[in-house]
Amino acid sequence: MLKGVYFLYPLQNITTLRELEQHELICRHDFQEMPLRVEYSLTQQGQKLKPIFDALWKWGEEHFYR
């Protein structure tokens with residue numbers, strides 16, 4: 001979901017990700033390997049919002065990437 005999204009404010013993004021986790025919209029996956037990495041995925045509840053995300057993405061492409 002978040003691939004290709006450019007983040008301007010990393011600390012704000014961490015806060016946002018934690019809030020999304022608390023609302024059970026995303027799930028964090030920690031990988032115990034080097035280098036350390038973390039991935040996020042949509043939960044079943046988050047999947048219900050995917051059509052909305054897709055519509056917003058499409059709107060953004062139509063209005064900002066002319």
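The values are calculated or read from the model by the stated rules, or taken from the named source; none is laboratory data. This one's a predicted model, so the numbers in the text were calculated from it and none came from an experiment. Virtual Cβ from ideal backbone geometry, glycine too; neighbours counted across all protein chains shown.
The residue that is surrounded by the fewest Cβ atoms within 10 Å (Cβ to Cβ), among those in segment 27-45 that are under 10 Å from the mean Cα position of the chain (by Cα) and not hydrophobic (A, V, I, L, M, F, W, C), is E39. Taking first residues from segment 20-37 that are on the phi > 0 side of the Ramachandran plot and partners that are surrounded by fewer than 10 Cβ atoms within 10 Å (Cβ to Cβ) and of a type outside the set (S, T, Y), the Cβ contacts under 9 Å between residues at least 6 apart in sequence or on separate chains come to E24/Q44. Based on what the data block shows, is E24 surrounded by 10 or more Cβ atoms within 10 Å (Cβ to Cβ), of a type outside the set (F, W, Y), assigned to a loop (DSSP other than H, G, I, E, B) and modelled with pLDDT of 90 or more? So E24 passes the test. Of everything listed in (1) among the hydrophobic types (A, V, I, L, M, F, W, C); (2) surrounded by 10 or more Cβ atoms within 10 Å (Cβ to Cβ); (3) at pLDDT 85 or above, the single unmet condition for I52 is (2).
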